[in-house]
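The values are calculated or read from the model by the stated rules, or taken from the named source; none is laboratory data. The structure displayed is predicted, hence computed values, not measured ones. FYI the Cβ positions are ideal-geometry reconstructions off the backbone, even for glycines, and counts take in every protein chain you see.
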Amino acid sequence: MLTDDWFDVYSRAERKAMMPRLDAYPVHPAKMDMGLARTIFEKGLEMRLWDHGNAIGNPMAGDGTEALIFRRGGCAIYAVEPVPLYAARFGIYQQRLQDATPFKLHTWQMHLGDAREPWPKTWPALDAVVFSPTYEAAVKAGDEGPYAKGLDHLRAGEGVPVAESLRTRITGYDEAPGQIGFLKGQDWKDAMKLVYQRSYEHTAEGGFMVTVTKNVRRNSTLVKIDAIVTEDAGAVGWQPYAHFRALGAARSLFARTNNQHYLDRGQPELVVNHEDILVFQKPSQL
Ligand SMILES: C[S@@+](CC[C@H](N)C(=O)[O-])C[C@H]1O[C@@H](n2cnc3c(N)ncnc32)[C@H](O)[C@@H]1O
């Protein structure tokens, strides 16, 4: 299996340019970094995971970071998202992209629903599926670092000044029927397995599934989300193809403070400073 580390992929500036804040809509709580999404697209082109003109699935689409990048790169997008607010914002960003582009882009379709349920039958066989799952709630409880202390203060209403990112993490995902972001432990694993399965069914033979996750700490142990996803995706037929690490993922002050805390305690194994880009392939029958 191919492995590699990526450096300097994160870029806040790109997000500001392509996805400016929409005043009428609160911020999505877990957006992918735009520079990371672009790097995934470009590396995937180099590796021939996809090509311009391909049909790309985007279950768990959020408000569409990956979708913007892939559609700008000439792909058609087939997205699923259960939260109407995020789906609406997805549409606004797609329209803005088209307005800013001199040539006609390929189609985008948003299925407002649960990616565990069957996806629209009218969709073509997908060349690849790219997404970033929810997983915070599955593992959030019990982190003993200062980040968790900040959460406790806030829950107790002590009004500690906190960054917007922390606030939205507490608020979490918006409610919608089928919201997987609230599930924990085995329930989350079972739900995600169904999403891997749907992705598998909708992907052409030889096609790819790419997920982006970050390992997390729980009760001072590392929960290896990358290993969990690999095992559960494997159980429905996906074969591991590549594993990339995007280094420098601890960008917020809180994430960096937390990492420093574990370094100071002599526990470098608990430092989380990368995201995992997992690439799977649907085997060909031939
Ligand atoms: C990590 S976020 C993805 C954000 C996206 N990568 C972006 O940058 O806009 C995960 C998304 O999965 C959505 N989600 C939760 N349950 C889902 C389900 N059953 N089917 C499809 N999407 C779901 C959440 O509402 C959330 O928007």
Confirm whether residue 129 is buried (at least 16 other Cβ atoms within 10 Å of the Cβ), within 13 Å of the ligand (Cβ to nearest atom), within 30 Å of residue 222 (Cβ to Cβ) and at pLDDT below 95. no
What about residue 74, is it more than 17 Å from the chain's Cα centre (by Cα), away from the ligand (no atom under 16 Å from the Cβ) and in contact (Cβ under 8 Å) with a residue 12 or more places away in the chain? yes
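In the list 4, 8, which residue meets the criterion of being in contact with a strand residue (DSSP E or B) (Cβ under 7 Å, 6 or more places away or on another chain) and more than 12 Å from the ligand (Cβ to nearest atom)?
After ruling out the rest, the residue left standing is 4.
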Out of (1) surrounded by 15 or more Cβ atoms within 10 Å (Cβ to Cβ); (2) at pLDDT 95 or above; (3) not aromatic (Phe, Trp, Tyr), the one residue 183 does not meet is (2)
Can you pull out every residue in segment 84-105 that is buried (at least 16 other Cβ atoms within 10 Å of the Cβ) and more than 22 Å from the chain's Cα centre (by Cα)? 105
Residue count, segment 73-108, condition under 20 Å from residue 124 (Cβ atoms) and part of a helix (DSSP H, G or I), comes to 2
Counting only helices (runs of 4 or more DSSP H) entirely within segment 167-286, those with at least 3 residues that are more than 16 Å from the ligand (Cβ to nearest atom) are 225-235, 253-264
So which of 119, 108, 123 ends up being surrounded by fewer than 16 Cβ atoms within 10 Å (Cβ to Cβ) and either more than 9 Å from the ligand (Cβ to nearest atom) or under 26 Å from residue 275 (Cα atoms) (or both)? 123
What residue, of 144, 205, 136, 164, is acidic (Asp, Glu), at pLDDT below 80 and over 27 Å from residue 26 (Cα atoms)? 144
Please work out which one of (1) surrounded by 17 or more Cβ atoms within 10 Å (Cβ to Cβ); (2) more than 8 Å from the ligand (Cβ to nearest atom) is the condition residue 47 fails and give its number. (1)
If you take the residues in segment 13-44 that are in a helix (DSSP H, G or I) and in contact (Cβ under 8 Å) with a residue 40 or more places away in the chain, which one is farthest from residue 250 (Cα to Cα)? 44
Residue ID - nearest to residue 246 (Cα to Cα), chosen from residues in segment 21-39 that are within 11 Å of the ligand (Cβ to nearest atom) and crowded, with 20+ Cβ neighbours inside 10 Å: 36
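Quick one: count up the residues across segment 249-277 that are among the aliphatic types (A, V, I, L, M), closer than 13 Å to residue 220 by Cα and surrounded by 13 or more Cβ atoms within 10 Å (Cβ to Cβ).
Of the residues in that region, 3 qualify.
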